[in-house]
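See below for the structure under consideration.
Read-outs throughout are calculated quantities, based only on the coordinates presented, and are distinct from any laboratory measurement. Everything numeric here is computed off the predicted structure, so don't read it as measured data. Every residue, glycine among them, receives a Cβ derived from its backbone with ideal geometry; neighbour counts consider all protein chains shown.
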Amino acid sequence: MTVTHYLADWRPFPYEIAETRLEFDLAPRATRVLSQIDFRRLSAGDLVLDGIGLDTLSLAIDGKPLPLDLIDAERGRLTLPAADLPDSFTFAAEVAIDPEANTALEGLYLSGGIFCTQCEAEGFRHITWYPDRPDVMAPFRVTINSDMPVLLSNGNPVSRAEGRAIWHDPWPKPAYLFALVAGDLRAVPDSFTTMSGRKVALNVWVRPGDEGRAGYAMESLIRSMQWDERVYGREYDLDVFNIVAVDDFNMGAMENKGLNIFNSKLVLASPETATDGDYERIEGVIGHEYFHNWTGNRITCRDWFQLCLKEGLTVFRDQQFTADMRSPAVNRIQDVQALRARQFREDAGPLAHPPRPDRYQEINNFYTATVYEKGAEVIGMLKRLVGDDGYRAALDLYFDRHDGQACTIEDWLRVFEDATGRDLTQFKRWYTDAGTPRLTMTEDWADGALTLHFRQETAPTPGQPDKPARVIPIALGLIGPNGDEVLPTTVLEMTAAEQSVSFRDTGARPVVSLLRGFSAPVTVAREIGADQQALLLTHDTDPYARWQAGRDLALDGLIARAAGRTGGEEFTRAIAGILDDAEADPAFAALCLTLPGEEEIATAIAARGAIPDPASIHQARRGLMQEIGTRHEPVLARLYDAMAVAGPYRPDAEGAGRRSLRLACLALLTQLDDGARAAALFDTAGNMTERQGALEQLIAAGRDEQALAAFAAEFGDNRLVMDKWFMVQPLRAAPDKALARARELAARADFDWKNPNRFRALIAGFTANHAAFHAADGSGYDFLAEWLMRLDPVNPQTAARMCSAFETIARYDSARQVRARAALKRIAAMPGLSRNTDEMVSRILA
Ligand code: ARG
Ligand code: ZN
């Protein structure tokens, strides 16, 4: 039975909760949960509670037992008729649950002997009977009975005695923010004094032995707390803030009030075990979860259709934070790259949905790049349109007006309208309409005037055939033929389907530097010659636009090569300028020097109406790398040596930038030296960034045997590092070797596939090997289908998320499509398929 939930069906809950009291007697196989919930009637209506997989021992209202046959186990509901309920009453339930059997990692489960919870989105109903919806908020009092040495829940500690801890969270919250942790954990402690002088005890909790790898997480937390006070004026509001690292976690981390729970890979880091990228993600996600305290917890979502209200805003805030901590230009380019790779891809396929969807079957399938990353881009546009002061005024009003409430996108837009006087009716389409607008620009040059004609169109997406015009902020500048900027950044607000603008007195015909800073999440189509692109790559004052010019030039060359022609000559030549100033901004140079990935090339080919051939794309990319390497060998070799960082490793942006340029040079040089430098770097590097980088090159060069053995010998007992080992092999192996390698790895005893990190490492590592996953014989599709069918009964959330590897199949040839669809149909036909995976597969097959 598949139920579709519609935004239009939302109705207020007819009761409110004065307090929720929970008592847990923890035991791996039989945890007893006692709940007492003080309800008050608000309007007419039955009391409907959610519960799934609960062994209900007793139910009562004001101490009077209720019959257990009120439970509809099939639908996961308990309905108490309004007529039987007084105006205010205490509902009590006693249930038993089995954390050890909980492999779905939703609700209360065990991870390496640690009891922990994940309740977003609808996990709390696996713990006890409750109105499990985000608009029902309550203060919680939680008692934990257990012999475990550390017992944690939300809020402030009330008391601690032998075998018992009591916690009280005074801030009303929905059930999805509930958390409980019990285990043998060690704290890395610190403290923070807020701007109003409140002293907060901070702890990062890890397994014994991991304390030495939690310092960076703590530093990141303190920087986040400072930043939110400085930039948003937001202060922390409890006496303690706890972060716990667990090894088994479906996603990245969770913002439970006062008790964030993290995937251990986003907490634990040391120079020997974590890469620069890992450090950067740790800082970003620690920030993200902390920032949720205001954008998510103090102000939450009315219903799950509004998920981007908290996620889009919180991603936007964590991106601002990362930009402030590191390099704004480099981070902007990285964010754009990620958006294109994940969100544009989603928006162009069968899984397209708006940032605020209006229907779903399984809400966990909507924790997507569209809700998160596009949700953040939409806020970036809003900020660009209302200006920095308008944005600040609107956010102040948002916190003021909505603190303590469960809100909607309408509430969010209204604060911007009220604070700035702007009408956002048309802007709202960004929230309600799916699809990536395509912006086409043509130029007229006559009588010393440059006229730009813009046209926007958005292709239909599932369920949305018509796409009215949106507001598109187009930031542009003009660069004269000598490289001087003749018009600094100007923002045009496009509101119609077609619009033109003229510029006079610009001297000789300038080149348009378009969509500066990636001012809107659109694709761009324009006529531009290689010389003009090279001019922008060398002279544009906007780093994003400069990088993009190089990107387009490289893509043109790669597409030509993949079609069997020559190409990439202009890019190879233009790169000389980047190499010349590489030392001034190594991170930026590394981004320019790294060719678009195979998936990105395939996307560009499909966008031009052709059918991508994965094997030719792979060859084209390798070929161009070889040419660039050959042409620039001396300077690449010199930079490779010059970018070695002396002294102890530090995970800062500067050192990371040098290492990223070093590895970008290494990738090109490996095409020529057959892996000699990579082998030497692997043996001598003192940090994981360079070791993993070198290892990836050795795998691609087919010279990996010794290095892989040495790596496994050194890190065999470190799960997070071994995840890298499982990931890089299928990812970097030559396309004709990757599947065999993946199968071999999957047969190993240490392929603990029930652990989401390990599963993703191997399986998603393989699917990210574009030419291997899209092998012409369909073997890549079969491999993925086989593993998704194995995982689905164990962990539906993680299985469902990984179905998105199939979302691009429509762009490939019909033989591949037939094979991919056959694989999907096998999944669809599996008896007992989860609602999660069923929804994903049906949408892709539709
Ligand atoms: N709210 C979490 C975050 O900040 C994500 C949790 C999603 N978990 C889930 N099972 N859907 O990003
Ligand atoms: Zn979030």
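Centroid-to-centroid, using Cα positions, region 603-659 and region 73-106 are 55 Å apart. Label 7 Å along Cα→Cβ of ALA734; region 755-792 residues with amide nitrogen under 20 Å? From region 755-792, the list is 766-780. Between SER502 and ARG748, the distance separating the two model label sites (each 7 Å from Cα on the Cα→Cβ line) works out to 6.7 nm.
Bridging of LYS467 to lysines at a Cα separation below 20 Å is possible for LYS374, LYS428, once same-chain residues fewer than 8 apart are set aside.
Length available on full extension from ARG392 to THR442: 0.36 nm per residue minus the Cα-Cα distance, which gives 14.4 nm.
Each Lys and Arg contributes +1 and each Asp and Glu -1, all at the Cβ; summed about the Cα centre of region 548-615, the dipole is approximately 320 debye. Is region 225-374 rounded, prolate or oblate when judged by the Cα gyration tensor, a ≥ b ≥ c being the square roots of its eigenvalues, rounded requiring a/c under 1.5 and prolate requiring a/b larger than b/c? Because its axes are fairly even, with a/c under 1.5, region 225-374 counts as rounded. Our coupling estimate for region 255-269, obtained by passing each phi through the Karplus curve with A = 6.51, B = -1.76, C = 1.60 and θ = phi - 60°, is 8, 2, 3, x, 9, 6, 10, 10, 4, 4, 6, 9, 10, 7, 7 Hz, Gly and Pro reported as x. Residues in region 768-792 near a label at ILE611, defined as backbone nitrogen under 20 Å from the 7 Å Cα→Cβ point? Residues 770-782 fall inside that zone. Sorted ascending by nearby beta carbons within 10 Å, beginning with the fewest, ARG384, ARG811 become ARG384, ARG811.
For the chain, adding -39500 (n - 2.57) for each run of n ≥ 4 DSSP H residues and dividing by the number of residues yields -12500 deg cm²/dmol at 222 nm. When LYS724, LYS467 are arranged by Cβ crowding within 10 Å, least crowded first, meaning fewest neighbours, the order is LYS467, LYS724. Here ARG638 and VAL48 are evaluated by their C-beta separation; at R0 = 56 Å the FRET efficiency comes out at 0.20.
Among 774-787, 152-165, 128-141, 368-381, the peptide with the highest mean count of other Cβ atoms within 10 Å heads the list, and the full ranking is 368-381, 128-141, 774-787, 152-165.
Per residue, the convex hull around the alpha carbon atoms of the chain comes to 161 Å³. Ordering 196-209, 320-333 by mean Cβ neighbour count within 10 Å, with the highest value first, yields 320-333, 196-209. Each peptide in 495-502, 824-831, 735-742 was scored by the mean count of other Cβ atoms within 10 Å over its residues; highest first, the order is 735-742, 824-831, 495-502. Among LYS257/LYS310; LYS173/LYS754; LYS64/LYS173, which pairs are too far apart, with a Cα-Cα distance over 23 Å? Beyond 23 Å: LYS173/LYS754; LYS64/LYS173. Oblate is the label for region 268-356, because the ratio a/c of its alpha-carbon gyration tensor axes (a ≥ b ≥ c) is 1.5 or higher and a/b is not greater than b/c. The distance from the alpha carbon centre of region 805-829 to that of region 255-275 is 36 Å, rounded to a whole number.
Legend: translational diffusion of region 183-256 by Stokes-Einstein, Rh = Kirkwood radius over C-alpha pairs, 10 °C, 1.306 mPa s; D = 120 µm²/s. Charging the Cβ of each Asp and Glu at -1 and of each Lys and Arg at +1, and nothing else, the dipole of region 368-413 about its Cα centre rounds to 160 debye. Note on VAL158 and ALA18: with the Förster distance fixed at 25 Å, the Cβ-Cβ geometry gives a FRET efficiency of about 0.90.
Applying 0.36 nm per residue to the separation of ALA82 and ASP683 and subtracting their alpha-carbon distance, the gain on full extension is 209.2 nm. Arranged from fewest to most other beta-carbon atoms within 10 Å of their beta carbon, PHE316, PHE766 become PHE316, PHE766. In plain terms, the chain from ALA525 to THR4 could stretch by 183.8 nm, reckoned as 0.36 nm per residue minus the Cα-Cα distance.
The angle between the Cα long axis of helix 719-732 and the main principal axis of the chain comes to about 40°, on a 0 to 90 degree scale. Of the trypsin sites (Lys or Arg not before Pro) found in region 1-97, those in coil by DSSP whose Cβ has at most 14 other Cβ atoms within 10 Å are ARG29, ARG75. Label region 743-834 by shape, choosing from rounded, prolate and oblate, from the square roots a ≥ b ≥ c of the eigenvalues of the Cα gyration tensor; if a/c is under 1.5 it is rounded, and otherwise prolate applies when a/b is larger than b/c, oblate when it is not. Oblate, because a/c is 1.5 or more while a/b does not exceed b/c. Note on GLN226 and ARG401: with the Förster distance fixed at 22 Å, the Cβ-Cβ geometry gives a FRET efficiency of about 0.30.
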